[in-house]
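Only one structure is covered here, and it is reproduced in the block below.
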Ligand SMILES: [Mg+2]
């Protein structure tokens, strides 16, 4: 089968990593419980920034956010390695900007993710992911972002799995809270 994965906040804990970087860079100590309550994807309001300031902070921090020590979610890596060993095809579809695509691919390989060059897509907008997902004929697709999964509701042959985050609790997709639940979810979906 064909499995597609978003990267940020689906396979790796990127927002939390960025939150830690912001605290450090800005000399602040915003508590974690405020972060875990956030109902939007962007984190800058915790640091009293406007959307514009937040956008600039994000862009100017990208090098650190993307390429330092962002943690992989427990069991995410193992899951993908196992799926590949079972003969499934693994695709990555990330909306990271084009100029970061190749480096991101290398970073993912360095973490140990099973990456085939021609199965790694980047640089599209959130609402353009659906075109790639359809063209590839994916059986499963995993993402965290409301703006992405909401474009996939009409895809009858696609099983969408939502990685649980504080900003997507209002959605009713099959929800993966923890990657250790993956086997159960796949079995339930196949039944
Ligand atoms: Mg994401």
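Odds and ends about this structure:
- For region 14-67: rounded, prolate or oblate by the Cα gyration tensor [a/c cutoff 1.5]: rounded
- Compared with the direct C-alpha span, the chain from residue 103 to residue 75 gains 7.8 nm at full extension, assuming 0.36 nm per residue.
- Fluctuation leader among 118, 84, 42 - the chain, Gaussian network, Cα springs under 10 angstrom: 118
- Rounded if a/c under 1.5, otherwise prolate or oblate - region 93-161, Cα gyration tensor axes: prolate
- For region 31-140, the spread of Cα coordinates along the three principal axes comes to 47, 29, 25 Å, biggest extent given first.
- Volume per residue for the chain equals 120 cubic angstrom (convex hull of Cα atoms).
- The modelled label-to-label distance between residue 187 and residue 62, using points 7 Å beyond Cα along the C-beta direction, is 4.3 nm.
- With a Förster radius of 30 Å applied to the beta-carbon distance between residue 116 and residue 25, the computed FRET efficiency rounds to 0.25.
- Most mobile of 175, 15, 103 in a GNM of the chain (Cα contacts under 10 Å): 103
- For the pair residue 47 and residue 134 in one chain, pulling the backbone fully straight at 0.36 nm per residue adds 27.5 nm over the alpha carbon distance.
- Each Cα pair under 8 Å and six or more residues apart adds its sequence gap; the mean of these over the residue count of the chain is a relative contact order of 28 percent.
- Nearest 10 degrees, 0 to 90: helix 76-85 Cα axis against the chain principal axis: 20 degrees
- Under the criterion of Cα pairs below 8 Å and six or more residues apart, the relative contact order for region 14-67 equals 38 percent.
- Gyration tensor (alpha-carbon) shape descriptor, region 62-122, a/c threshold 1.5: oblate
Read-outs: derived from the displayed coordinates by stated rules, not from any lab. Predicted model, so just to flag it, every value in this text is computed and none were measured. As a convention, Cβ positions derive from the backbone with ideal geometry for all residues, glycine included, and neighbour counts pool all protein chains shown.
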